[in-house]
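Remarks on the structure that follows.
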Amino acid sequence: MTNQPVLSKGGQSAEPCPTDSSPCYLLLDCARLIRRRFSGQLAGSGLSEPQWRVLAFVARSEGLSQTELAALLGLHKVALGEHIARLQQMAYLQRAADPADRRARRIYLAPAGRPLAEHMAQRFRGSMERVSGADRQQLHKRLQPPLQTLTRQLCPPETLQALDRLTLETSLHLVGVLARLLGRKLDGMLKPHGLSRLQWQALIGVYARPGTSQTELSQALGINKAVLGQILDVLETAAWLRRSADSEDRRIKRLAVEDSARYRVRDILRDCACLDRLIESALTGPALRQLVSTLSRMRRQLSEV
């Protein structure tokens with residue numbers, strides 16, 4: 001999939017960049033923006049973002065095993081065990097022996113965890129309602145069929161078994177599940193190039209918008225300006241991109257991918273296209289178009305609010 005050329009500040013067309021029409025990119029970015037939007041509301045709860053996700057999934061379907069939780073959350077069992085242990089110390093979770101296998105432990109909410117889980121769930125619903133407004137139910141209705149199809153086609157059996165135990169109001173959790181699955185694949189592709197996922201996102205943002213400023217890029221990507229500045233510093237030091245003073249206002253720095261790095265960016269884009277082909281192989285044409293248009297709309301709403 002390709003986009004119309006983007007004009008740089010100097011009027012030259014940029015390289016085609018597939019991010020705005022890439023189902024993989026849209027899934028990853030919507031998941032990131034949802035996490036970012038809600039993480040700001042965790043202040044005062046005493047919970048980290050991973051701890052909240054553990055608590056939320058247990059609250060939705062009590063009695064999950066640690067293996068099932070790990071599959072849903074995309075966490076290593078050791079890391080998940082540490083989060084569960086901490087939530088037990090805080091008296092929010094408790095473990096009980098599995099009646100069918102006394103060696104196994106299933107995870108439940110403790111009495112003190114119930115009001116907190118409900119309070120945080122209400123805050124999350126309110127946060128998402130402010131994003132999608134009256135479109136919320138229609139948005140979820142349009143997302144559910146293609147997301148469920150993708151999940152059944154792409155997720156490993158242990159994740160599907162865990163998903164079957166969940167009782168949820170919307171299909172938004174599938175955005176996170178699929179994003180974690182695809183994100184691990186993308187991380188594996190970026191690692192040989194020394195890039196993190198956020199660094200790659202910033203890099204292709206500059207690649208698609210040569211001559212953009214840090215402020216403009218921050219607004220386009222929905223990344224905090226200070227955080228983006230640190231990412232750009234690393235990319236500049238590694239000779240992926242350069243900053244140049246604006247010809248009309250020397251205080252503004254314009255961004256561009258280094259000429260020597262452009263072929264490397266194109267190579268990575270070609271490699272990453274296999275993730276889109278994976279999604280395209282699982283969906284019919286109309287379902288794929290519906291997924292892309294709905295995720296694009298959600299991403300725009302999440303970035304603007």
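The values are calculated or read from the model by the stated rules, or taken from the named source; none is laboratory data. Remember, predicted model here, so these are calculated numbers, not experimental data. Virtual Cβ from ideal backbone geometry, glycine too; neighbours counted across all protein chains shown.
Assorted remarks:
- Taken over segment 244-258, the residue count meeting the criterion of being in contact with a strand residue (DSSP E or B) (Cβ under 9 Å, 6 or more places away or on another chain), outside any strand (DSSP E or B) and charged (D, E, K, R) is 3.
- If you go through segment 30-57 and pick out every residue that is touching a residue at least 24 places away in the same chain (Cβ under 8 Å), in a helix (DSSP H, G or I) and among the small types (Gly, Ala, Ser), you end up with 2.
- When every residue of segment 207-218 is checked against the conditions, none turns out to be in a helix (DSSP H, G or I), of a type in the set (Val, Ile, Thr) and crowded, with 16+ Cβ neighbours inside 10 Å.
- Enumerated helices (runs of 4 or more DSSP H) restricted to segment 58-155, each holding at least 3 residues that are among the small types (Gly, Ala, Ser), modelled with pLDDT under 85 and surrounded by 13 or more Cβ atoms within 10 Å (Cβ to Cβ): 113-132
- Under the condition of being modelled with pLDDT under 85 and either closer than 25 Å to residue 277 by Cα or in contact with a Leu (Cβ under 9 Å, 6 or more places away or on another chain) (or both), the residues counted in segment 1-32 number 15.
- Residue count, segment 219-257 (criterion: polar (S, T, N, Q) and either modelled with pLDDT of 90 or more or over 23 Å from the mean Cα position of the chain (by Cα) (or both)): 4
- Some residue of segment 179-191 being farther than 25 Å from residue 53 by Cβ and surrounded by 20 or more Cβ atoms within 10 Å (Cβ to Cβ): no
- Yes/no for residue 181 being closer than 30 Å to residue 63 by Cα and assigned to a helix (DSSP H, G or I): yes
- Flag for residue 223 being β-branched (Val, Ile, Thr), assigned to a helix (DSSP H, G or I) and closer than 23 Å to residue 198 by Cβ: no
- For segment 79-97, the criterion of a residue being of a type outside the set (D, E, K, R) and within 22 Å of residue 172 (Cα to Cα) is satisfied by at least one position.
- Some residue of segment 199-206 being farther than 20 Å from residue 183 by Cβ, at pLDDT below 95 and assigned to a helix (DSSP H, G or I): yes
- Residue check, residue 166 touching a helix residue (DSSP H, G or I) at 6+ places or on another chain (Cβ under 7 Å) and part of a helix (DSSP H, G or I): no
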